[in-house]
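Inspection log for the structure reproduced underneath, given as structure tokens.
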């Protein structure tokens, strides 16, 4: 049967001051009125029912995430004893699935994406799972770039495998602007993190290529999560598996994928008014203002005569910055007094 | 003896959202931690003691103004029954002074100015009073322009009268930018509203030139304030007296006068940090920001990566605009819902 594993451990600071260590991005209603995690679950359920969805997160976040996705069965929020990047999380979750269903195929994704075309997303996921199941490959879904983004990794498709899949020619991690434009032109795809594999093939590839977690999985066969983490090393699934395997494939997809990397990304992913403004909150007013994000969870915010502004109010804090600066929020937090910036995630 | 009359009736909206109809600009601590009215009184007292200072304002504001200037004797805050521009206010207050001291000379000024050089201000006021007393003239003090301001009236000095005074060649009301630059070059002065006259000469000039209030003053001789206002018409002292009299004089002064016409004016009148930012409030933080005004009476405000921004927080409202737009706040208030904009002054 098909299962899904949602990675939801992030505690970023890119949505400060609204996001905090206990209310991270995946719990914020960034794309609609629902938290991103709930949207992620609802995006999946026409393809994979809630009973077969697992979430992996930190111990601190597990209760809040379980509350935000009440359709998930009890015990389906897996709490990592420590953060260890994506390969240990996916290895543990896939092994947990395999213990219940040795013939499982697994779709893996993140809790904090925004997707514009839900049906398109499911079609790409379905294709990726089918390729993983029929061809016995580990599959990544590549999103067709809409801009020469320098903040993402790219996957370059190789030869056609049929059924919508290609071999993987190479991966390119966070290129500079010129290289990103070049990659976009030559048909490279954004390496989204939407993956598919059978539990059996995933385990076999890890045994062959991923010493960081292979011993942990053997310990897990007779132990538990903490046993697994004690024997595993932090490594990403990209580096620890996809860049090493000879059984990788890529499925191109085009479903309005966005990782919503900063407040400025709301200009892309949320409905904007005719002036290109995204306003969220009951008491937000804009005049002679365009291409701006105004988000208020508290008082009245009035923005007058700005272009490309980002104004965010919540938790007694008002942030005023620009769309250009919003992606570099870390620099700001590094300069703020610890009691103020300390509210951010790790 | 010398007396002073402070005009303090304004209920502008230029400091929205902090200023309101009951807490107008003259009650705000715009230049220091003290309300402008209190600073005005303290600026005067080395020259004219508090016992000889009157304030003219509206009935609505009178209690708050009396509270803000406790050094003034009871009954020295005169409450107009209706707003009627500056000549009726000054005629009434001067007549009130004359009833106690027929030989009085009167200095007239506004409650909502900022003055950089207090001693220089008093020197100019002293000169103006001396000219008024010795030469029997009505005197205006002109401030030497520091920029080709289009929002002010200008007074052009004529021939030298000696003792620091000149005849008045002409007045120019709110010129365009080119004319303002030209006026500045030819030695024209800002028509500040700092005036001096003897009560006797002022009454005589009004009898000769100011029909709008002359009948009112005759009624006041046997009546009271309401009697005076019932018989008077609204007119400014500039139009109703200075532009008509043949006994006008101008005294140039240079004492860092500013009428603080908008939030942006705080960049001129308050101490700025090395990046040119003026920040007011316990919990204001700026980074990579310059030439900006940040004023918070409430929560934490963080401004990151802006130039020329104006951010004001108070009364549950946050205003984000630019120094360029701040002088045009009225346009914003005209577009806001009445319940929000309605908190502004008239």
From B:11, B:56, which residue is part of a strand (DSSP E or B), touching a helix residue (DSSP H, G or I) at 6+ places or on another chain (Cβ under 9 Å) and crowded, with 17+ Cβ neighbours inside 10 Å?
B:56
Please specify each residue of the stretch A:286-302 satisfying the condition of being buried (at least 23 other Cβ atoms within 10 Å of the Cβ), in contact with a helix residue (DSSP H, G or I) (Cβ under 9 Å, 6 or more places away or on another chain) and under 19 Å from residue A:269 (Cβ atoms).
A:292, A:293, A:295
Which numbered condition residue A:298 misses (of (1) in a helix (DSSP H, G or I); (2) at the interface with another protein chain (Cβ under 10 Å from one of its Cβ atoms); (3) at pLDDT below 95):
(1)
Hey, among A:185, A:205, which residue is surrounded by fewer than 16 Cβ atoms within 10 Å (Cβ to Cβ) and under 29 Å from residue A:126 (Cα atoms)?
A:185
Which of the following residues is in contact with a helix residue (DSSP H, G or I) (Cβ under 7 Å, 6 or more places away or on another chain) and assigned to a loop (DSSP other than H, G, I, E, B): B:112, B:103?
B:112
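State yes or no: is residue B:321 surrounded by fewer than 20 Cβ atoms within 10 Å (Cβ to Cβ), touching a strand residue (DSSP E or B) at 6+ places or on another chain (Cβ under 9 Å) and more than 15 Å from residue A:312 (Cβ to Cβ)?
So residue B:321 fails the test.
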Please work out which one of (1) touching a strand residue (DSSP E or B) at 6+ places or on another chain (Cβ under 6 Å); (2) within 14 Å of another protein chain (Cβ to nearest Cβ) is the condition residue A:253 fails and give its number.
(2)
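Here's the yes/no breakdown for (1) part of a strand (DSSP E or B); (2) out of contact with any strand residue (DSSP E or B) (no Cβ under 8 Å at 6 or more places or on another chain); (3) farther than 30 Å from residue A:341 by Cβ; (4) not assigned by TED's automatic domain parsing to the domain that holds residue A:116:
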site: A:42; (1), (2), (3), (4): no, yes, yes, no
site: A:48; (1), (2), (3), (4): no, no, yes, no
site: A:66; (1), (2), (3), (4): no, no, no, no
site: A:72; (1), (2), (3), (4): no, no, yes, no
site: A:90; (1), (2), (3), (4): no, no, yes, no
What are the pairs, 6+ residues apart or on separate chains, where a residue within the stretch B:246-272 that is on the phi > 0 side of the Ramachandran plot has its Cβ under 7 Å from a residue that is in a strand (DSSP E or B)?
B:256/B:115; B:260/B:114
Can you name every one of the helices (runs of 4 or more DSSP H) wholly within the stretch A:178-249 that holds 1 or more residues which are over 21 Å from residue A:83 (Cα atoms) and modelled with pLDDT under 95?
A:211-222
Just the residues that are in a helix (DSSP H, G or I), without any contact (Cβ under 8 Å) to a residue 12 or more places away in the chain and more than 7 Å from every other protein chain (Cβ to nearest Cβ), please, taken from the stretch A:301-338.
A:328, A:331, A:334, A:338
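The values are calculated or read from the model by the stated rules, or taken from the named source; none is laboratory data. From a predicted model like this one, the values you see are computed outputs, not experimental measurements. All Cβ positions, even for glycine, are placed from backbone atoms using ideal geometry, and neighbour counts span all protein chains on display.
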